[in-house]
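Just below is one structure, and these are the notes that go with it.
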Amino acid sequence: MAGNSQRRNRRTSNKKGMQVGSGGQRRRGLEGKGPTPPASARKGHKKNRVANAQAKQAAARRPAPRRGGVKGTSEMVVGRNPVYEALRDGVPATTLYVQQYIDNDERVREALQLAGERGNIHLMEAPRPELDRMTNGLNHQGLVLQVPPYEYADPQDLTAAAYDNGEEPLIVALDGVTDPRNLGAIVRSVSAFGGHGVVVPERRAAGMTAGAWKSSAGTAARTPVSRVTNLTRALEAYKKEGIAVVGLAADGEHTVEDLEALGGPVVIVIGSEGKGLGRLVGETCDYRVRISMPGGAESLNAGVAAGIVMYEVARRRA
C-alpha cells in the first residue's frame, strides 16, 4: 500500500501547475494564411524561376529612357523644288506624298529617286483633295514631304558630351534670333570650329525647321540643339558649372581679341540683329564683347558674328 501511495504521489507531482495565457498565439496559429499563391509567385518553385527569367529578358529588351529635352512639331515641305532641295540637303523625312496622276517631270523624278535612295522614306500616293487638306490649300504642286519633329537635346547634355571627350565646353546660345537660316548657319559654324551645341529659347526664336536643316548643310545631324523655356536660367546653370558666359554686344567692354575668357569653357550668347541681347540675358553675362569693325558697319549678321567669335575661340584652343 505504501508503495502504491508513493507511485501516486510521483505521478501527481509531475503534473504542470497553472500556466500563463498564450495571448491568442494558439488561436492565431489555427487561423488560415489566405489562399495559396500561384506557383509562379512562390520563391524557389520552378515556375517562379521561369517567371523571373522572363521578366529579366523583357527588361533587357525594353529601351532605356532617353535623357533629352522637348520635342519640336512635325512639318510639311510643299512644292516640287522645295521638296527636291530638302531631300538633296539631307533634311530628315518620314513620308513623301505624291499626287495621283501627277505630271512626271524631271523634278518629280529626281525627288522620287532621292527618296528611294534614302531607303527609310515611305512613298504614298494620294489624291489632290487629300494633299490640299494636308497643306491647308498651299500650292503643293503634287509633292508633300513629311518632316518629323526635331528631338532637342537637354542643355546639360551639351556640357556632358564635352567632358566625356576630355574637352572644355564651347556652346553658343541665341537670344531673339528668329530666322531659321541664321540658326542653321550658326549650327554649321559650331560644327566647323569644334563646338558642342547650340541653345535656343522656346519662345520668340527660330527652331530646327526644314529651313534650318538646309542652312546647316547637314551639320545639324551631328551638332545638338537644345531648346529651353527660360534662357536666363539655362545660362545661370552653366555659370554654376564654372563656365564663363560671354555676350556679344556692339557696345561691349571687351573686344574679341583681348578677352582671355574665350580660351576656357565658355558659352557665347548672340542676340538679334536689331535689338541685340535682351536686358536680363545681358545682365546674366559675365562679359560683354564686341567685334572690331574698321569698316564702320553697325552690326553683322548673327551667323557671320558667330563664325568670327567661334574662330577666335578655336584659335586660342589650338
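List of remarks:
- For the stretch 156-202, a residue qualifies if it is within 18 Å of the chain's Cα centre (by Cα), charged (D, E, K, R) and over 24 Å from PRO92 (Cβ atoms), and exactly one does: ASP164.
- Residues that are in a loop (DSSP other than H, G, I, E, B) and among the acidic types (Asp, Glu) within the stretch 252-268 comprise GLU253, GLU257, ASP258, listed in sequence order.
- Cross-chain or 6+ apart pairs with Cβ under 6 Å, the stretch 95-111 first and open to solvent by 60 Å² or more (accessible area, probe 1.4 Å), then outside any strand (DSSP E or B): GLN100/PRO127; ARG107/ARG80; ARG107/TYR84
- In the stretch 176-185, of all residues being open to solvent by 30 Å² or more (accessible area, probe 1.4 Å) and touching a Lys or Arg at 6+ places or on another chain (Cβ under 9 Å), the one that is farthest from GLY218 (Cα to Cα) corresponds to THR178.
- The set of residues in the stretch 84-94 being out of contact with any strand residue (DSSP E or B) (no Cβ under 6 Å at 6 or more places or on another chain) and either free of Cβ contacts under 8 Å to residues at least 60 places away in the same chain or exposed (fewer than 15 other Cβ atoms within 10 Å of the Cβ) (or both) consists of TYR84, LEU87, ARG88.
- Any hit, the stretch 290-297, residues being without any contact (Cβ under 8 Å) to a residue 24 or more places away in the chain, aliphatic (A, V, I, L, M) and either more than 20 Å from VAL190 (Cβ to Cβ) or out of contact with any Lys or Arg (no Cβ under 6 Å at 6 or more places or on another chain) (or both): yes
- In summary, ARG227 fulfils each of the numbered conditions (1) in contact with a strand residue (DSSP E or B) (Cβ under 6 Å, 6 or more places away or on another chain); (2) open to solvent by 60 Å² or more (accessible area, probe 1.4 Å); (3) charged (D, E, K, R) with the single exception of condition (2).
- Checked across the stretch 232-247, the condition of being charged (D, E, K, R), more than 23 Å from the chain's Cα centre (by Cα) and either more than 23 Å from GLU202 (Cβ to Cβ) or open to solvent by 30 Å² or more (accessible area, probe 1.4 Å) (or both) holds for no residue.
- Output for the stretch 269-307, where each listed residue is of a type in the set (A, V, I, L, M), open to solvent by less than 70 Å² (accessible area, probe 1.4 Å) and not in a strand (DSSP E or B): LEU277, VAL281, ILE291, MET293, ALA297, LEU300, ALA302, ALA305, ALA306
- Filter result for GLY252 (within 29 Å of the chain's Cα centre (by Cα) and either open to solvent by less than 50 Å² (accessible area, probe 1.4 Å) or among the charged types (D, E, K, R) (or both)): no
The values are calculated or read from the model by the stated rules, or taken from the named source; none is laboratory data. As the structure is a prediction and not an experimental result, all values here were calculated from the model. Here Cβ is always computed from backbone atoms with ideal geometry, including for glycine, and neighbour counts include all displayed protein chains. Ligands, DNA and RNA are stripped out before the accessible areas are found, and what is left, the full protein with its side chains, is counted by its heavy atoms. Shrake-Rupley method; radii C 1.70, N 1.55, O 1.52, S 1.80 Å.
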